[in-house]
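Some notes on the structure that comes next.
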There are 2 protein chains.
Amino acid sequence: MASQPTTPLTVKAFQALIRDRYLATDAARGTPGTFMWFMEEVGELATALQNNAPGKTPTPEEKANLNEEFADVIAWLTTLANINGVDLERALAKYTDKGGVEGVKD
Amino acid sequence: MASQPTTPLTVKAFQALIRDRYLATDAARGTPGTFMWFMEEVGELATALQNNAPGKTPTPEEKANLNEEFADVIAWLTTLANINGVDLERALAKYTDKGGVEGVKD
C-alpha cells in the first residue's frame, strides 16, 4: 500500500506517493518519453490558463480543469524527479533556506 | 516578514512563501509573460536532464544544476498558480484523495 499523505500535504509525502504509484512504469519508459508526457500536460495547462484568462467567462468545467492541469503538470514533474534521483524538498531549499534566492527566481 | 516554512516542507507553506515573495511582481506582469518565464525554466530543465542522462558523466556543477532547475520550474509553476487563484494543495487532491487517479496521471 502506498504511503498516504495527510493534510497538510508535504512535498516529501507527495513525491513518495508518486514514486509508489508510477516509478516502475516511468523508469522503464525513461526520461525522454516521460518528458514528452510532461510537455503534453504543460500544453494542456496553457489551454486552461487561456480559457480562464481575464475577460473570459469560464464554465465550471473549465474552472475545475485549470486546477487539474496544475496537478497533472506537478505529477509529471515529480515523476521526472523520481526517475532522475532528485529529492524535491531538498531541491526547493534553494528557495526555502535563508540565504537562498530572494528577489529573483532564476 | 514572509511566512517561513519549516521542515517538513508543506505544499501550502511553499505556495505561501512564493506568494509573499513574488505575487506583486508576477501579478503585474500577468499570466502570459509569467508563462514565458516558466517555459524558459522548462527549457533549462530539459538541458539539465540531458546533461545528467545515463551514459553521461556530469560534473558536480551539472548535478547540482539539475536540482536547481527542478526547483525553478516548481517556483514558476507555483507563481502561475498564485496569480490564477489556484490552491495547489487542493488541486493535488486529484492524486492524494482516495478515489482519485490511480493508474494514470492524465
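Taking a label point 7 Å out from Cα toward Cβ, give me the nm distances from B:Gly43 to the same spot in the other copies, shortest first, one decimal.
1.8
Based on Cβ point charges of +1 for Lys and Arg and -1 for Asp and Glu, what charge dipole magnitude is obtained for the protein assembly as shown about its Cα centre, in debye rounded to the nearest 20?
Working: 20 positive and 30 negative charges, 88 e Å.
With only Lys, Arg, Asp and Glu charged at Cβ, the dipole is about 420 debye.
Along the axis that rotates chain A into chain B, which residue of chain A has the nearest beta-carbon, and what is the gap in whole Å?
With distances in whole Å, chain A gives A:Thr10, 3.
For B:Gly85, which inter-copy label distances result when the label point lies 7 Å beyond Cα on the Cα-to-Cβ vector, reported in nm to one decimal and in ascending order?
Result, one decimal in nm: 4.5.
What average count of beta carbons from other chains do you get within 10 Å of the Cβ of residues in A:9-17? Each step should come with its number before you reach the end.
Details: counts 10, 9, 8, 4, 4, 7, 0, 0, 3.
Other-chain Cβ atoms within 10 Å of each residue's Cβ, averaged: 5.
Provide a whole-number value for the mean count of partner chain Cβ atoms within 10 Å of the Cβ atoms in peptide A:22-30. Walk me through the numbers on the way to the answer.
Details: counts 3, 0, 0, 3, 1, 0, 0, 0, 2.
Mean partner shielding for this stretch: 1.
Counting pairwise Cα distances across region A:20-95, what percent come out greater than 21 angstrom? Each step should come with its number before you reach the end.
Working: 1115 of 2850 pairs.
So the portion of pairs separated by more than 21 Å is 39 percent.
Carbon and sulfur together cover what percent of the accessible area of region A:10-97 at a 1.4 Å probe radius? Spell out each step's value before the answer.
Details: 2140 of 3820 Å².
Carbon and sulfur atoms account for 56 percent of the accessible area of region A:10-97.
Viscosity 0.890 mPa s, temperature 25 °C: Stokes-Einstein D of region A:1-61 from its Kirkwood Cα radius, in µm² per second?
172 µm²/s
For the residue pair B:Ala93 and A:Ala93, what label-to-label distance in nm results when each label sits 7 Å from Cα along the Cα-to-beta-carbon direction?
Going from the B:Ala93 label point to the A:Ala93 one covers 3.3 nm.
For region A:44-97, which trypsin sites (Lys or Arg not before Pro) are both in a DSSP coil and crowded by at most 12 other Cβ atoms within 10 Å? Show your work: numbers first, answer last.
Working: sites: A:Lys56, A:Lys63, A:Arg90, A:Lys94; in loops: A:Lys56.
Qualifying residues, ordered by number: A:Lys56.
Give the interface area between chains A and B as buried accessible surface, both sides summed, probe 1.4 Å, in Å² to the nearest 100. Before the final figure, lay out each step's value.
On the way: alone 7560 and 7580 Å², together 10320 Å².
Using a 1.4 Å probe on protein heavy atoms, the buried area is about 4800 Å².
Once you charge only the Cβ atoms, +1 for Lys and Arg and -1 for Asp and Glu, what is the size of the charge dipole of region B:1-69 about its Cα centre, to the nearest 20 debye? Spell out each step's value before the answer.
Numbers: 6 positive and 9 negative charges, 54 e Å.
Its charge dipole is roughly 260 debye.
List the distances, in nm and shortest first, from the label point of A:Thr57 to the matching label points in every other copy, placing each point 7 Å from Cα along the Cα-to-Cβ direction.
The answer, with the shortest distance listed first, is 6.5 nm.
To the nearest 10 degrees, how steep is helix A:60-83 against the longest Cα principal axis of chain A, on a 0 to 90 scale?
The answer is roughly 20 degrees.
Quick one: Cα convex hull volume of the protein assembly as shown, Å³ per residue? Walk me through the numbers before you get to the answer.
Values: hull volume 25.4 nm³, N = 212.
Cα-based convex hull of the protein assembly as shown, divided per residue, equals 120 Å³.
The values are calculated or read from the model by the stated rules, or taken from the named source; none is laboratory data. Everything numeric here is computed off the predicted structure, so don't read it as measured data. Cβ: placed from backbone, ideal geometry, glycine included. Neighbour counts: every protein chain shown. Just so you know, the surface numbers come from the protein's heavy atoms only, side chains and all, with ligands and any DNA or RNA stripped out. Shrake-Rupley method; radii C 1.70, N 1.55, O 1.52, S 1.80 Å.
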